[in-house]
């Protein structure tokens, strides 16, 4: 491989020896110390490769030997450069490419997050951006030790972090903390989150302080994390469900005059190319019509690794506005329909309140739900 590169840089020729005594060329070259390679016999002569300097010397050796030589091809960098020496655009383009490549290599263009399970990549990258870490920052002014400490302060759920730079790629390795509430509070009670009448108890751990059919108020203690046994007092984390009937007030409002948006069926997609942190719009103009939009991002990958090239797509679904007027009966029917879509056992009472702009439905509904919520059990060490 090294010999091939050397020959390419120096340049070489593909020649053909012909004449009545063409075989003499091989012995003349061997005697004169001229190196030939890739030699083969053809119908019209002997073909071989030879260096440019040896070819100049060879012509004098073949003089008067009844052997002729003809150049078939010129190969190597000197001939390539000679061919394009007047095309300055290629030289300038190559020079510009290496300059841009050298400048771009001084920045971070790819950020990978490793080790996260509960925290999403988006949350971590957003936190990094808020402390000045993002794609396009100069890596020589970036201090990983300081940056990781800022990130750990910014995101409480990170117990440990490290940042490593390889080329233009920054890898953020993190270890998440355990649930701080679970670490701090090992023992809990269960309390009522609202008023209700208990219908079902399913206690896994703890001491139940209520019974089926009992009425409780918001904040009442349902299950205690203190268990009294013959061996003494034991503390646990209360677990279980307490199903109760509760009453809740529901308020719904609708106006007499309403504006609706209906899809027109027209859809348009606009793309933005992000190249090394630079965003280039691939469209002209802006949308001024009524529309609903959604965005997505496609990241280019090579051998499973992200490249600093992204396509941001924005989908526009166009809508048309139209106005509708309702009378009192229609509005009441619409409010009743919305009420029936909610989850509850039965409606205890309801009332319609009318004003100049619309109608409000005030209803008291009864529902069955788990009213037990965890509450920390504080143990007084002095007792």
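A short reminder: the numbers here are calculations on the coordinates, not readings from a lab. Note that the structure is a prediction, hence the values are computed from the model and not measured. When we count neighbours, we look across all protein chains shown, and the Cβ atoms used for this are built from the backbone with ideal geometry, even at glycine.
Fewest to most neighbouring Cβ within 10 Å: what's the order for 340, 152, 104? Could you put the intermediate results ahead of the total?
Details: 340 9, 152 17, 104 14.
Going from sparsest to densest Cβ surroundings: 340, 104, 152.
Two decimals is fine: what's Rg over Rh for segment 297-340, C-alpha atoms, Kirkwood radius as Rh?
Numbers: Rg = 23.8 Å, Rh = 15.7 Å.
Ratio of gyration radius to Kirkwood radius: 1.52.
P(r) tail for the chain, what percent of Cα pairs lie past 40 Å?
Numbers: 45627 of 73153 pairs.
Every Cα pair in the chain considered, those over 40 Å come to 62 percent.
Dividing the alpha-carbon Rg of segment 62-157 by 2.2 N^0.38 Å yields what? Don't skip to the answer; put the middle values down first.
Details: Rg = 27.5 Å, N = 96, 2.2 N^0.38 = 12.5 Å.
Segment 62-157 yields a ratio of 2.21.
At each listed q (0.09, 0.10, 0.15, 0.22 Å⁻¹), what is the log10 of I(q)/I(0) that the Debye formula gives for segment 239-383 modelled as equal alpha-carbon point scatterers?
The Debye formula, applied to the Cα set alone, gives -0.68, -0.76, -0.88, -1.30.
Comparing 109, 160, 37, which has the greatest mean-square fluctuation in the GNM of the chain with Cα pairs linked when under 10 Å apart?
37
Rounding to the nearest 10 and keeping the result within 0 to 90°, find how far the Cα-based axis of helix 52-61 lies from the longest principal axis of the chain.
20
Quick check on packing: order 205-217, 346-358 by the mean number of other C-beta atoms within 10 Å, highest mean leading. Each step should come with its number before you reach the end.
Details: 205-217: 14.4, 346-358: 11.5.
Top to bottom by mean Cβ count within 10 Å: 205-217, 346-358.
How large is the helix-only mean residue ellipticity at 222 nm for the chain, computed as the sum of -39500 (n - 2.57) over DSSP H runs with n ≥ 4, divided by its residue count, in deg cm²/dmol to the nearest 500? Don't skip to the answer; put the middle values down first.
Values: 9 runs with 91 residues, N = 383.
The helix-only estimate for the chain comes to -7000 deg cm²/dmol at 222 nm.
Using a Förster radius of 56 Å, what is the FRET efficiency between residue 287 and residue 73 based on their Cβ-Cβ separation? Nearest 0.05, please.
On the way: r = 58 Å, r/R0 = 1.04.
Working from the Cβ atoms, E equals 0.45.
Test of understanding: in a Gaussian network model of the chain with alpha carbons linked when under 10 Å, which of 302, 331, 221 would top the mean-square fluctuation ranking?
Result: 302 has the largest fluctuation of those listed.
Report, to the nearest 10°, how far helix 328-340 tilts away from the longest principal axis of the Cα atoms in the chain, using its own Cα long axis and a range of 0 to 90°.
80
With a 10 Å radius around each residue's Cβ, average the other Cβ atoms per peptide and rank 20-26, 96-102, 370-376, highest first. Show your work: numbers first, answer last.
Details: 20-26: 15.7, 96-102: 9.9, 370-376: 17.7.
In decreasing order of mean packing, 20-26, 96-102, 370-376 become 370-376, 20-26, 96-102.
Exposure proxy check: 172, 131, 158, 71 ranked by fewest other beta carbons within 10 Å?
Numbers: 172 24, 131 15, 158 21, 71 11.
Result, fewest neighbours first: 71, 131, 158, 172.
Return the ratio Rg/(2.2 N^0.38 Å) for segment 2-81, where Rg is computed over Cα atoms only. Display every interim value, and only then the final one.
Details: Rg = 12.4 Å, N = 80, 2.2 N^0.38 = 11.6 Å.
That works out to 1.07 for segment 2-81.
Give the residues of segment 1-38 whose amide nitrogen is closer than 18 Å to a point set 7 Å from the Cα of residue 80 in the direction of its Cβ.
1-14, by backbone N distance to the label point.
Report the FRET efficiency, 1/(1 + (r/R0)^6), for residue 126 and residue 343, where r is their Cβ-Cβ distance and R0 is 30 Å, rounded to 0.05.
Approximately 0.30, to the nearest 0.05.
Subtracting the Cα-Cα distance from 0.36 nm times the residue separation, let me have the gained length for residue 255 to residue 61 in nm, one decimal. Don't skip to the answer; put the middle values down first.
Working: separation 194, 0.36 × 194 = 69.84 nm, distance 10.68 nm.
So the extension gain works out to 59.2 nm.
What is the angle, in °, between the Cα long axis of helix 88-104 and the longest principal axis of the Cα atoms in the chain? Nearest 10 is fine, range 0 to 90.
For 88-104 against the chain, the angle is about 40 degrees.
Which residue, 245, 270, 74, tops the fluctuation ranking in a GNM of the chain built on C-alpha contacts under 10 Å?
Answer for the Gaussian network model of the chain: 74.
Relative contact order, percent, of the chain when contacts are C-alpha pairs under 8 Å separated by at least 6 residues?
Values: 690 pairs, mean separation 49.9, N = 383.
With pairs under 8 Å counted, the relative contact order is 13 percent.
Just to be sure I understand: of the beta bridges DSSP finds with both ends in segment 49-175, what percent are antiparallel, rounded to 5?
Details: 8 of 13 bridges.
About 60 percent, rounded to the nearest 5.
Mind checking the full-extension length gain between residue 231 and residue 149? Use 0.36 nm per residue of separation minus the Cα-Cα distance, one decimal, nm. Don't jump to the answer; show the numbers that get you there.
On the way: separation 82, 0.36 × 82 = 29.52 nm, distance 4.82 nm.
Contour length minus Cα-Cα distance gives 24.7 nm.
Just order 256-264, 235-243, 312-320 by mean Cβ neighbour count inside 10 Å, highest at the front, would you? Each step should come with its number before you reach the end.
Values: 256-264: 11.9, 235-243: 18.7, 312-320: 15.0.
Descending mean neighbour count gives 235-243, 312-320, 256-264.
Can you give the Rg to Rh ratio for segment 260-321, taking only C-alpha atoms and Rh from Kirkwood? List each step's numbers first, then the result.
On the way: Rg = 14.8 Å, Rh = 13.2 Å.
Rg divided by Rh gives 1.12.
To make sure I understand, if each residue's beta carbon is the centre and we count other beta carbons within 10 Å, what order do 202, 327, 43 fall in, fewest to most?
Working: 202 12, 327 8, 43 4.
In increasing order of surrounding Cβ atoms, one gets 43, 327, 202.
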